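Data first, discussion second: the structure below is written as C-alpha cells.
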Amino acid sequence: MDARQYAPATQRNRELILKVLSDNLTPTSNVLEIASGTGEHAVFFASRFKSWSWIPSDINPTARESIIAWKNASNLNNVALPLAIDVTQDNWIEQVEQRKIDVIVNINMIHISPWSACVGLMEGAAEILSPGGILYLYGPFKRNGKHTAISNAQFDRSLQDRNSTWGVRNLEMVVETANNAGLQLQQVIEMPANNLSVIFIKLD
Ligand SMILES: C[S@@+](CC[C@H](N)C(=O)[O-])C[C@H]1O[C@@H](n2cnc3c(N)ncnc32)[C@H](O)[C@@H]1O
C-alpha cells in the first residue's frame, strides 16, 4: 500500500519557500523540520539541495508513515527517517539526541496547534541551535493584533471553530516568545496568499 499523502498547498508554496531557504541556509545545512506533515516539502527541498541534510518529524503517526513513503519513493539519501516530535512535550529535544542542527524549519504549524506548541518550539529551538543557527517559520500571521487580509480572518474563524486553542497568531507575540527563549528576529518576508516567512537567529 502506498502511504504517501498529498497536501495541495505544498505544490503552491514550495518553490517560494525554497527560494527563501536557499537565500538563508548554507549549502551544507543540517535541517530539522518540525511538523513535516505529508513529507512532500522534505523530499522536494532535499531533492533540490542534495548537500542539505534533512530530518523530518511529526507528532502524527500517519504523517510519519507518509513521510517514510515519500522518502522511499524519492530515493534520496539526504532525508532521514522521521522523528516522533511533539513540541508541546517538555523533553522533545531529547529526540534530536546528539545530532548537530543548523536550521529548524516549521511550516504551517503554529496556527494549527495550541499556543503551547509555539512556546515549546521556540524554547526547544533555542536549546538545539548553536549560536548563528536559524529558526524558519512560514504561515499566516496577524500584525499588531490585526489580520492582514479578510481571507486570513475567515481562516482564523474556521480554525477556532475546529479547535478553540488554534488560531492565526499575532507576529508580535511570536517574536516576544522567541526573544524570551533566546532567539532574535532577523527577517520578515511577505509571501503570496497573505503568508509570511519569519526568520529568527539564535544569539550567542
Ligand atoms: C497544516 S499541517 C502542515 C504540515 C506541513 N508542514 C505542510 O506545510 O504541509 C500541521 C502539522 O502540524 C503537526 N503538529 C500539530 N501539532 C504538533 C505538535 N504539537 N508538535 C509537532 N507537530 C505538530 C500536525 O501533525 C500536522 O502535520
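The values are calculated or read from the model by the stated rules, or taken from the named source; none is laboratory data. Fair warning: this is a prediction, and the values are worked out from it, not measured in the lab. All Cβ positions, even for glycine, are placed from backbone atoms using ideal geometry, and neighbour counts span all protein chains on display. Note: areas computed on protein heavy atoms with side chains; ligands, DNA, RNA excluded. Shrake-Rupley method; radii C 1.70, N 1.55, O 1.52, S 1.80 Å.
Scanning segment 91-109 for residues that are open to solvent by 10 Å² or more (accessible area, probe 1.4 Å), assigned to a loop (DSSP other than H, G, I, E, B) and touching a residue at least 12 places away in the same chain (Cβ under 8 Å) gives ARG99, LYS100, ASP102, ASN108, MET109.
Applying the criterion of being more than 17 Å from the chain's Cα centre (by Cα) and small (Gly, Ala, Ser) to the residues of segment 182-204, the residue that is least open to solvent (accessible area, probe 1.4 Å) is GLY182. Candidates VAL87, VAL43, VAL79: the one that is surrounded by 20 or more Cβ atoms within 10 Å (Cβ to Cβ) and within 14 Å of the chain's Cα centre (by Cα) is VAL87.
Within segment 163-180, being over 17 Å from the mean Cα position of the chain (by Cα) and either in a helix (DSSP H, G or I) or surrounded by 20 or more Cβ atoms within 10 Å (Cβ to Cβ) (or both) holds for GLU172, MET173, GLU176, ASN179, ASN180.
Checked against the criteria, ILE134 does not count as surrounded by fewer than 18 Cβ atoms within 10 Å (Cβ to Cβ), under 15 Å from the mean Cα position of the chain (by Cα) and within 26 Å of GLN95 (Cα to Cα). Being buried (at least 20 other Cβ atoms within 10 Å of the Cβ), within 11 Å of the ligand (Cβ to nearest atom) and outside any loop (DSSP other than H, G, I, E, B) is the filter here, so list the residues in segment 110-131 that pass it. If the condition is that a residue be buried (at least 20 other Cβ atoms within 10 Å of the Cβ), within 11 Å of the ligand (Cβ to nearest atom) and outside any loop (DSSP other than H, G, I, E, B), then ALA117, CYS118, GLY120, LEU121, GLY124 are the ones that fit. Checking each residue in segment 137-162 for being under 13 Å from the mean Cα position of the chain (by Cα) and in a loop (DSSP other than H, G, I, E, B) picks out only PRO140. In this structure, ASN75 does satisfy being away from the ligand (no atom under 11 Å from the Cβ) and at positive phi.
Kindly establish whether ILE93 is touching a Leu at 6+ places or on another chain (Cβ under 9 Å) and at pLDDT 95 or above. So ILE93 does not fit the description; no.
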